[in-house]
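No value in this document is a laboratory result; all are computed from the given coordinates. Remember, predicted model here, so these are calculated numbers, not experimental data. Note that each Cβ is placed from the backbone with ideal geometry, even for glycine, and that neighbours are counted across all protein chains shown.
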């Protein structure tokens, strides 16, 4: 018998002049006769300051009916699970102040943050528990992204709680919060290589050379394409075009910033609008998953106490003050519009995963995507009935199009993490303040 199936090394890298670029996961990387097993992936996306819950909550039916805010997910409704009634009871409401950092920290850790300026302590977050297993075979154990910079935030930020609590949702250990990168250029360089310099002048000089990462590996790509199967060539073409498109957009945004903000202290690579910035970060995260550079990612779209405003969508108010709407209908309407805008950015990402082939299905099928907040009713600083959405994971047993309702105050959100970790192949006996699994998330 002649075995003609090509088998590429799992970590095949295209090398060019000063460049090393990983390939996406291809069928050709599976040895002949081996069953193609796609890696499991996990992404958690956080939005601070709570929600306009009257516009968030779906109808009280098991079949999912999208609310005005959740309508952003209509194109992936069949792969969406909305959970209501989950809580973070370990957030001590009797304490004076500091509710925002406590809720943000508890969201992925299931623990109460220590009240301190510098010696921060919480718990290992769910993403990092997943990364301990899923990250063993990838170049990056995990990828942590944000929109807002942590630069200049240090010391005490909220009633005795250190600023570090506001700057991350990811904790490698109870004492080690992970920094989150807001600069797309730095993320791109971390993924695909470039200058190691953090000097903005060096970065801009590199852009002016107008040398594409892809240009330096074109010859290698061409010779490899001829040896791939039709399906793998299609995946490669899609992947390379995604890299090319992301690279073009990075260069456009950096050029815009260098012209409008010529100060050498201004970091390069951050687009001028929230939407472009968020989508670019999501594109990079999608590429990281597609290339199997990492299988775990976290993204903080808005941190607690965020004061960003959104004039691009007609919401000039600062986010945090607007979240304390005092039940003013006009303010609630603007907050709901902002909440919808954030969820639309997440929808852009999961729809991109849905459009990306991965084995016999899509990248969305093999990725569990969590979206939510550590505060429910924004006006009340309420850590109950937390906004919680899970999208994807079809190949991991998750079945969407459903609304899983729980009596308020009875089910910790940590139970969801125990359940999701189990589906990811990272079973844990307990996590944070968990009391068991959540029934109905997976149908096997």
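Data overview
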| item | result |
| --- | --- |
| Cβ crowding within 10 Å averaged over residues, with 275-281, 291-297 ranked highest first | 291-297, 275-281 |
| Förster radius 25 Å - calculated FRET efficiency between residue 71 and residue 330, Cβ distance, rounded to 0.05 | 0.75 |
| FRET efficiency, residue 231 to residue 318 (Cβ-Cβ, R0 45 Å, nearest 0.05) | 0.40 |
| Normalised convex hull volume, segment 318-444, alpha-carbon set, Å³ per residue | 128 Å³ |
| Segment 52-177 - convex hull of alpha carbons, volume per residue in Å³ | 160 Å³ |
| Extension gain, residue 118 back to residue 136 (0.36 nm per residue minus Cα-Cα distance, nm) | 3.4 nm |
| Computed FRET value (nearest 0.05) for residue 151 with residue 273, which takes r as the C-beta separation and R₀ as 22 Å | 0.65 |
| Anisotropy class of segment 399-444 from Cα gyration tensor, a/c 1.5 cut | oblate |
| Residues in segment 407-442 reached by a label modelled at residue 360 [backbone nitrogen below 16 Å; 7 Å Cα→Cβ] | none |
